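Have a look at the structure below before the remarks.
The values are calculated or read from the model by the stated rules, or taken from the named source; none is laboratory data. Computed from a prediction, not measured in an experiment: that's the story for all the values here. All Cβ positions, even for glycine, are placed from backbone atoms using ideal geometry, and neighbour counts span all protein chains on display. To get the accessible areas, we keep the full protein, side chains included, count just its heavy atoms, and leave off ligands, DNA and RNA. Shrake-Rupley method; radii C 1.70, N 1.55, O 1.52, S 1.80 Å.
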Amino acid sequence: MQKVAVITGASAGLGAEFARQLHGMGYALLVVARRAERLAEIDAEHWVADLSVEQEVERLAAHLESRDDVRMLVNNAGFGTQGHLAETALEPQMAMHRLHVLATVRLTRAVLPQMIRRGAGAIVNVSSVAGFARSANNVSYCATKAWTNAFSEGLWLELQRTGVTVQALCPGFTYTEFHDVMGSDRAKHPRWLWLDAGFVVRESLQNLEKLYVIPGWKYKAFLALWTKLPAWLRLRMEARR
Ligand SMILES: NC(=O)c1ccc[n+]([C@@H]2O[C@H](COP(=O)([O-])OP(=O)(O)OC[C@H]3O[C@@H](n4cnc5c(N)ncnc54)[C@H](OP(=O)(O)O)[C@@H]3O)[C@@H](O)[C@H]2O)c1
């Protein structure tokens, strides 16, 4: 039987790179995003959906539940916003929570039973270094990525001895369309902090058995120190930035 990888947000950036590398590993692909014309460029089964809309998530979830060949799910679709919660438009904030949180739970729940039944499978939840941070201007983003980490940890506990793995992939700044969509100037952050999307995805796929994958030694070193600090001190330091 063919093994299928489902990738959300495959029309650009990390998702498109997951599609390229998983295709190279022999997976058949089911790729999901809103932009049909971008998905059409990928040799795969296409599923056009806005995953911040409950009915569209439900339609995809029901389809996934009806099949028995899904061996990987990459919950990758995501976006960022800028600005204080009280001052920015409400809808993108709500959509971010629905996309990063609710779609991830629903799609994961859709594929887990078949993976557990087969004793094989992998869930990759694309989180972020931001999941370990709290930041003014990025309240929802940091909160939803912290949720992604907590969700992945809980699942890791439940999936012991099932043959199914779960990973929280936590990249730092990565060259994709993410910052263009957010309207953020990449030049604000030093070049040495930026990662290549191909490298990030390789790190993920070569370490599927690891719960946390933090690509790049600079981010590994930073988080090793940062996460040792007490929460009050981290918040004080964030408040001074
Ligand atoms: N780039 C970074 O610096 C960075 C760092 C850490 C974590 N991440 C995370 O990496 C993941 C991928 O982002 P990226 O950097 O690859 O950004 P990207 O190049 O902008 O790609 C985002 C993908 O998500 C899809 N998407 C966005 N909203 C969607 C929706 N409502 N429904 C369905 N698909 C949707 C987009 O497709 P359509 O527009 O066609 O729908 C696109 O394929 C995100 O979860 C992001 O938080 C990125």
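Here are a few things to note about the model shown:
- Volume per residue that the Cα convex hull of segment 180-241 spans, once the total is divided by residue count, Å³: 137 Å³
- Surface share of carbon and sulfur [accessible, 1.4 angstrom probe, percent] for segment 4-240: 58 percent
- Here the extension length gained between Arg34 and Leu233 equals 67.6 nm, from 0.36 nm per residue of separation less the Cα-Cα distance.
- Ala36 sits among other residues whose Cβ lies under 14 Å from its own Cβ, and their net charge, with Lys and Arg +1 and Asp and Glu -1, is -2.
- Compared with the rule-of-thumb size 2.2 N^0.38 Å for a compact globular protein, the chain has a Cα radius of gyration ratio of 0.98.
- The relative contact order of the chain comes to 18 percent, based on Cα pairs under 8 Å that sit 6 or more residues apart.
- Comparing Glu65, Glu37, Glu17 in a Gaussian network model of the chain where C-alpha atoms under 10 Å apart are linked, the largest mean-square fluctuation is found at Glu37.
- In percent, rounded to a whole number, the relative contact order of segment 87-215 is 26, using alpha-carbon pairs under 8 Å and six or more apart.
- Compactness of segment 28-107 is given as radius of gyration and Dmax, 14.1, 45 Å, from Cα positions.
- The largest-to-smallest principal axis extents of the Cα set in segment 1-144 are 51, 32, 29 Å.
- Charge-dipole axis of segment 14-139 as Lys and Arg at +1 and Asp and Glu at -1 on Cβ define it, positive-most pick from Asn125, His63, Ala95: Asn125
- Volume of the convex hull of segment 121-220 (Cα atoms only), normalised per residue: 102 Å³.
- Placing +1 on the Cβ of every Lys and Arg and -1 on the Cβ of every Asp and Glu, with nothing else charged, gives segment 175-241 a dipole about its Cα centre of roughly 480 debye.
- Charge dipole (debye, nearest 20) of the chain; +1 at Cβ of Lys and Arg, -1 at Cβ of Asp and Glu: 960 debye
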